[in-house]
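Take a look at the structure set out below.
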Amino acid sequence: MEPWPALAWALLLSLLADCLKAAQSRDFTVKDIIYLHPSKTRYCYTQHIMENTGNSISVTKRCVPLEECLSTGCVDFEQEGRKVCTSCCEGNICNLPLPRNETDATFATTSPINQTTGHPHRVSVIISCLCVLLGLTS
């Protein structure tokens with residue numbers, strides 16, 4: 001047996017052991033849960049229907065997927081004498097204010113969509129070791 005596969009196994013096991021040592025026991029946060037199991041209803045949606053005078057007729061608040069947050073803003077229904085403003089946001093209880101005009105009817109996120117974090121150096125070393133083990137490199 002050549003020494004390379006044994007060395008690759010040793011390096012791989014060493015890296016995995018380091019990763020396990022770095023892991024500490026703790027309670028999950030909401031951010032952890034969203035990262036580990038991304039929900040399709042991640043955003044807070046508010047639809048505010050009001051008279052043209054500004055008096056509220058109805059307010060709807062719920063959790064929605066990203067697709068329902070792509071059309072925010074206000075629409076005037078002059079024949080019915082109503083105005084509908086829709087806003088979306090990301091975060092805990094972020095949709096308390098009611099959208100009343102174009103300035104309030106927005107889509108606000110707290111972080112870039114599809115943000116990921118990790119350890120790129122460790123991942124590349126592990127992948128290199130696996131390639132050596134599987135004989136994918138020359």
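The values are calculated or read from the model by the stated rules, or taken from the named source; none is laboratory data. Note that this is a predicted model, so its numbers are computed, not measured. As a convention, Cβ positions derive from the backbone with ideal geometry for all residues, glycine included, and neighbour counts pool all protein chains shown.
See the values below:
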item: The range 49-70 - residue that is assigned to a loop (DSSP other than H, G, I, E, B) and surrounded by 12 or more Cβ atoms within 10 Å (Cβ to Cβ) and, of those, farthest from the chain's Cα centre (by Cα); result: ASN52
item: Residue check, THR46 in a strand (DSSP E or B) and either at pLDDT 70 or above or under 15 Å from PRO99 (Cβ atoms) (or both); result: yes
item: Selected residue (only one of CYS94, CYS74, CYS88 is under 10 Å from TYR45 (Cβ atoms) and among the hydrophobic types (A, V, I, L, M, F, W, C)); result: CYS88
item: Qualifying residues in the range 71-95 (those that are among the aliphatic types (A, V, I, L, M) and modelled with pLDDT of 90 or more) - the one surrounded by the fewest Cβ atoms within 10 Å (Cβ to Cβ); result: VAL75
